[in-house]
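Novice: One structure, as structure tokens, below. Some questions next.
The values are calculated or read from the model by the stated rules, or taken from the named source; none is laboratory data. Remember, predicted model here, so these are calculated numbers, not experimental data. With ideal geometry, Cβ positions are generated from the backbone for all residues, glycine too; neighbour counts draw on all protein chains shown. All accessible areas refer to the heavy atoms of the entire protein, side chains included, with ligands and DNA or RNA removed. Shrake-Rupley method; radii C 1.70, N 1.55, O 1.52, S 1.80 Å.
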Amino acid sequence: MPLTLATQSPGEPEIFASLQGEGPSAGMPVAFLRLSRCNLACQWCDTAYTWHFAGDERPHRSGETFDRKANQLVLGEADVASRIAALGQGRLVITGGEPLLQGGALARMLEHLPDIAVEVETNGTVAAPPRLDVRIDQYNVSPKLAHSGNPADLALLPERLDAYATDPRAWFKFVIAAPGDVDEVLALQARYRFRPGRVFLMPEGTDSATLRARAEWLAPLCLEHGFRMSDRLHIHLYGDTRGT
Ligand SMILES: C[S@@+](CC[C@H](N)C(=O)[O-])C[C@H]1O[C@@H](n2cnc3c(N)ncnc32)[C@H](O)[C@@H]1O
Ligand SMILES: Nc1nc2[nH]cc(C(=O)O)c2c(=O)[nH]1
Ligand code: SF4
Ligand SMILES: [Mg+2]
């Protein structure tokens, strides 16, 4: 079963080496695999080219829709695995779009990469099939709050959040655009009892100035509530650029 990938440019799959820019592994040299398609539609998504195709009526702040043909590429599992291996990294971050929509094909692709450590960036709404789950070393779970524009009954699924809250491999990373968003995190914390030290708050933004401005008022809230803060290292280094 092939994989549907995002593209860095038409015909070029978004498979690249960079420093992990977010979460508990931030700063680590890793390989990235970005898949296309998503089951949600965050209005500030910085990878709308993976789901906001022509005809998709759901709002996105860019106001633009993307040509599906130019932004998707279908590749066989062995081909994807060899491109990842060629990057020479010991750790792979699988992201998207929502990568767990292609869990079966990912499991088969990883059979070609038996020794690589695997991190998944996920919106927390889709379960990895058992044959993929057994290969995952770390889940970076980013449940979407109201400011994303997704209905809560699509974005915050109790059985999935409960499963991740009790999974020692899972870390949580909430995107925060306004101080009031932290109240939503506190309500989720009260309901799901995320393990202490496992919750990151990350400013919403795709440029350094925005990230800095939000981090300035977010820092005292992290201190007050015992949350960790995640920056977005790649944005400071490369801006909002595909393949970085
Ligand atoms: C593009 S998503 C792909 C993986 C998965 N769909 C998810 O949302 O976790 C990767 C990460 O970027 C975050 N993200 C996307 N757009 C962002 C923005 N404008 N500001 C801050 N974080 C953003 C997501 O919350 C997620 O943690
Ligand atoms: N360098 C870098 N780090 C990242 N961490 C999570 C990312 C993502 O898009 O999932 C990402 C990304 O796009 N680039
Ligand atoms: S869930 Fe992730 S990929 Fe999907 S729209 Fe939201 S941020 Fe973008
Ligand atoms: Mg990114």
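Novice: Show the residue pairs meeting these rules: Cβ distance below 7 Å; 6+ apart or different chains; first residue within the range 228-244 and within 18 Å of Ala6 (Cα to Cα); second residue more than 9 Å from ligand 2 (Cβ to nearest atom) and among the hydrophobic types (A, V, I, L, M, F, W, C).
Specialist: Close Cβ pairs satisfying both conditions: none exist.
Novice: Looking at the range 1-60 only, could you name the residues that are near ligand 2 (Cβ under 10 Å from one of its atoms), touching a Gly at 6+ places or on another chain (Cβ under 6 Å) and among the polar types (S, T, N, Q)?
Specialist: Residue satisfying the conditions is Thr50 alone.
Novice: So, in the range 209-244, exactly how many residues are open to solvent by 50 Å² or more (accessible area, probe 1.4 Å), of a type outside the set (A, V, I, L, M), away from ligand 2 (no atom under 16 Å from the Cβ) and assigned to a helix (DSSP H, G or I)?
Specialist: Residues of the range 209-244 that are open to solvent by 50 Å² or more (accessible area, probe 1.4 Å), as a first pass: 209, 212-214, 216-217, 220, 223-226, 228-229, 231, 233, 236-238, 240-242.
The next check asks that each one be of a type outside the set (A, V, I, L, M); those that pass are 212, 214, 216-217, 220, 224-226, 228, 231, 236, 238, 240-242.
Of the ones still in play, those that are also away from ligand 2 (no atom under 16 Å from the Cβ) are 212, 214, 216-217, 220, 224-226.
Checking which are assigned to a helix (DSSP H, G or I) leaves us with 212, 214, 216-217, 220, 224-225.
Qualifying residue count, the range 209-244: 7.
Novice: Among the residues of the range 110-126, write down those that are open to solvent by 20 Å² or more (accessible area, probe 1.4 Å) and within 9 Å of ligand 1 (Cβ to nearest atom).
Specialist: If the condition is that a residue be open to solvent by 20 Å² or more (accessible area, probe 1.4 Å) and within 9 Å of ligand 1 (Cβ to nearest atom), then Glu121 is the only one that fits.
Novice: Go through (1) buried (at least 20 other Cβ atoms within 10 Å of the Cβ); (2) within 13 Å of ligand 1 (Cβ to nearest atom) one by one and return the number of the condition Thr206 breaks.
Specialist: Just one mismatch for Thr206, condition (1).
A quick yes/no check of all residues on (1) under 30 Å from Ile176 (Cβ atoms); (2) among the aliphatic types (A, V, I, L, M):
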| residue | (1), (2) |
| --- | --- |
| Leu33 | yes, yes |
| Trp44 | yes, no |
| Gly55 | no, no |
| Pro99 | yes, no |
| Met109 | no, yes |
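Novice: Mind checking which residues of the range 31-59 are more than 9 Å from ligand 3 (Cβ to nearest atom), under 22 Å from Leu19 (Cα atoms) and open to solvent by 30 Å² or more (accessible area, probe 1.4 Å)?
Specialist: Answer for the range 31-59, where residues must be more than 9 Å from ligand 3 (Cβ to nearest atom), under 22 Å from Leu19 (Cα atoms) and open to solvent by 30 Å² or more (accessible area, probe 1.4 Å): just Arg34.
Novice: Can Gly27 be described as modelled with pLDDT of 95 or more, under 24 Å from Leu201 (Cβ atoms), assigned to a loop (DSSP other than H, G, I, E, B) and within 12 Å of ligand 4 (Cβ to nearest atom)? So that I can check it myself, show each step before the final result.
Specialist: Details: modelled with pLDDT of 95 or more: yes; under 24 Å from Leu201 (Cβ atoms): yes; assigned to a loop (DSSP other than H, G, I, E, B): yes; within 12 Å of ligand 4 (Cβ to nearest atom): no.
Criteria not met by Gly27.
Novice: Quick one: is Asn71 within 16 Å of the chain's Cα centre (by Cα) and away from ligand 2 (no atom under 14 Å from the Cβ)?
Specialist: Working: within 16 Å of the chain's Cα centre (by Cα): no; away from ligand 2 (no atom under 14 Å from the Cβ): yes.
Answer is no for this residue.
Novice: Related question: If you go through the range 80-95 one residue at a time, do you hit one that is closer than 25 Å to Phe172 by Cβ, aliphatic (A, V, I, L, M), within 10 Å of ligand 1 (Cβ to nearest atom) and open to solvent by 20 Å² or more (accessible area, probe 1.4 Å)?
Specialist: Filtering the range 80-95 for residues closer than 25 Å to Phe172 by Cβ gives 89-95.
Filter once more, so that each one left must be aliphatic (A, V, I, L, M): 92-94.
Then drop every residue that is not within 10 Å of ligand 1 (Cβ to nearest atom), which leaves 93-94.
Imposing the further condition that a residue be open to solvent by 20 Å² or more (accessible area, probe 1.4 Å) reduces the set to none.
Scanning the range 80-95 turns up no residue that is closer than 25 Å to Phe172 by Cβ, aliphatic (A, V, I, L, M), within 10 Å of ligand 1 (Cβ to nearest atom) and open to solvent by 20 Å² or more (accessible area, probe 1.4 Å).
Novice: Give the range 129-168 a look and list any residue that's loosely packed, with under 15 Cβ neighbours inside 10 Å, under 17 Å from the mean Cα position of the chain (by Cα) and within 28 Å of Met28 (Cβ to Cβ), or say none.
Specialist: Asp137 - this is the single residue of the range 129-168 that is loosely packed, with under 15 Cβ neighbours inside 10 Å, under 17 Å from the mean Cα position of the chain (by Cα) and within 28 Å of Met28 (Cβ to Cβ).
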